[in-house]
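The values are calculated or read from the model by the stated rules, or taken from the named source; none is laboratory data. From a predicted model like this one, the values you see are computed outputs, not experimental measurements. When we count neighbours, we look across all protein chains shown, and the Cβ atoms used for this are built from the backbone with ideal geometry, even at glycine. Side chains included, ligands, DNA and RNA excluded: accessible areas come from the protein's heavy atoms. Shrake-Rupley method; radii C 1.70, N 1.55, O 1.52, S 1.80 Å.
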Amino acid sequence: MLAQERDEYATTLTRFSIESAHAKPTDKIVMESVRRLIGLALNLSPRNRSAVVANHQLGRGILPEKKSADYSRPVFARLLLTRGRLLKEQKGEGNQFVGECFVELAAELDPHNEDAVYECELQKLDEREVDWSVFTRQPE
């Protein structure tokens, strides 16, 4: 993936995560998902302004300012699914891992997207479910 593409995905993931945090700031499951999305965003683009600021603020118990994403959840889910499929076809564990992440996120962002849900479930059947702790693990 090109750096600009990674940065755009990181910004959109961060904005969706902040939107979720504003909707249910006390829900532990939601906030875990927020940390996961921001972790992936930082992995895609470590200097992404939105992700760095949100990560810092959330780490201090501050709810970041909510900003609109450029896409609706269903549209972004379709983009993630398409890009995830392409990445999974490429060589290299890194590409395949990010592709699997994108497929799972597509199913999570739009559970009505049958293609995304089906592909996500196939990954699970193939024992390729994403270990999200890679993005949320605290440094030792």
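Is it true that some residue in the stretch 28-35 is open to solvent by 40 Å² or more (accessible area, probe 1.4 Å) and of a type in the set (A, V, I, L, M, F, W, C)? Walk me through it before giving the result.
Filtering the stretch 28-35 for residues open to solvent by 40 Å² or more (accessible area, probe 1.4 Å) gives 28-29, 32, 35.
Subsequent filtering for residues that are of a type in the set (A, V, I, L, M, F, W, C) retains 29.
The answer is yes; a qualifying residue exists.
Scan Phe97, Phe76 and give me the residue that is in a helix (DSSP H, G or I), touching a residue at least 40 places away in the same chain (Cβ under 8 Å) and open to solvent by less than 70 Å² (accessible area, probe 1.4 Å).
Numbers: Phe97 fails: touching a residue at least 40 places away in the same chain (Cβ under 8 Å).
Exactly one residue qualifies, and that residue is Phe76.
Can you tell me which of Leu105, Leu81 is open to solvent by less than 50 Å² (accessible area, probe 1.4 Å), assigned to a helix (DSSP H, G or I) and touching a residue at least 40 places away in the same chain (Cβ under 8 Å)?
Leu105
Of the conditions (1) under 15 Å from the mean Cα position of the chain (by Cα); (2) open to solvent by 10 Å² or more (accessible area, probe 1.4 Å); (3) under 24 Å from Thr11 (Cβ atoms), Lys88 satisfies every one except a single condition; which number is it?
Exception for Lys88: condition (1).
How many residues does the stretch 125-140 contain that are surrounded by 13 or more Cβ atoms within 10 Å (Cβ to Cβ) and either at pLDDT 95 or above or more than 18 Å from Leu42 (Cβ to Cβ) (or both)?
Number of matching residues: 2.
Restricting attention to the stretch 56-73, which residues are part of a helix (DSSP H, G or I) and more than 16 Å from Tyr9 (Cβ to Cβ)? Write out each step before concluding.
Restricting attention to the stretch 56-73, the residues satisfying the condition of being part of a helix (DSSP H, G or I) are 56-59, 73.
If the condition is that a residue be part of a helix (DSSP H, G or I) and more than 16 Å from Tyr9 (Cβ to Cβ), then His56, Gln57, Leu58, Gly59 are the ones that fit.
Please specify each residue of the stretch 1-22 satisfying the condition of being within 11 Å of the chain's Cα centre (by Cα) and open to solvent by 60 Å² or more (accessible area, probe 1.4 Å). Break it down stepwise before answering.
Applying the first criterion (within 11 Å of the chain's Cα centre (by Cα)) to the stretch 1-22 yields 9-17.
Selection gives nothing.
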